[in-house]
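The values are calculated or read from the model by the stated rules, or taken from the named source; none is laboratory data. Here the structure is a predicted model, which means the values were calculated and not measured. Methodologically, a virtual Cβ is constructed for each residue, glycine included, from the backbone with ideal geometry; neighbour enumeration extends over all protein chains shown.
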Amino acid sequence: MSEPTEATASSSDASSDHRGSRRVIVGTVTSSNMDKTATVTVIRRVRDRRFHKFLTRRVKYHVHDEHNTAKVGDVVEIIESRPMSKTKRWRLLSTISRPADVGGHIDQPQVEK
């Protein structure tokens, strides 16, 4: 009577059901001076209910960065997690893109001795 069905979820689906649905958002790293922590700014545009004008809303999140891979200017994906400190409730999931290296040292003149 209790035969296995096709509706059995895969391991990733089962773990997401067990842990609940977690929000994943995209933002830009604005600071990475702290150890294993980065500050990510998320910008979203919302429409004003009364005047129908688009407004820019910015929110800063402290993100757990285990390997200190985040650099300022990176576009990253972050996911909700358990509280890791007083202000950290997000984890770094992946780096989407890195900023182009400006290369200011190329324009500087070479000094010969």
Next on the checklist: Please go through region 85-102 and give me each residue that is β-branched (Val, Ile, Thr) and either under 14 Å from residue 36 (Cα atoms) or in contact (Cβ under 8 Å) with a residue 60 or more places away in the chain (or both), ordered by number.
Outcome noted: 87, 96
Checklist entry - Pairs under 7 Å by beta carbon, first residue free of Cβ contacts under 8 Å to residues at least 24 places away in the same chain in region 16-39, partner of a type in the set (A, V, I, L, M, F, W, C) and part of a loop (DSSP other than H, G, I, E, B), six or more apart or different chains? => result 17/9
Checklist entry - Can we say residue 39 is modelled with pLDDT under 95 and either in contact with a strand residue (DSSP E or B) (Cβ under 8 Å, 6 or more places away or on another chain) or among the polar types (S, T, N, Q) (or both)? => result no
Checklist outcome for this item: When region 47-84 is checked residue by residue, the ones that are without any contact (Cβ under 8 Å) to a residue 40 or more places away in the chain, closer than 29 Å to residue 20 by Cα and surrounded by 10 or more Cβ atoms within 10 Å (Cβ to Cβ) are 58, 59, 60, 61, 62, 63, 64, 65, 68, 69, 84
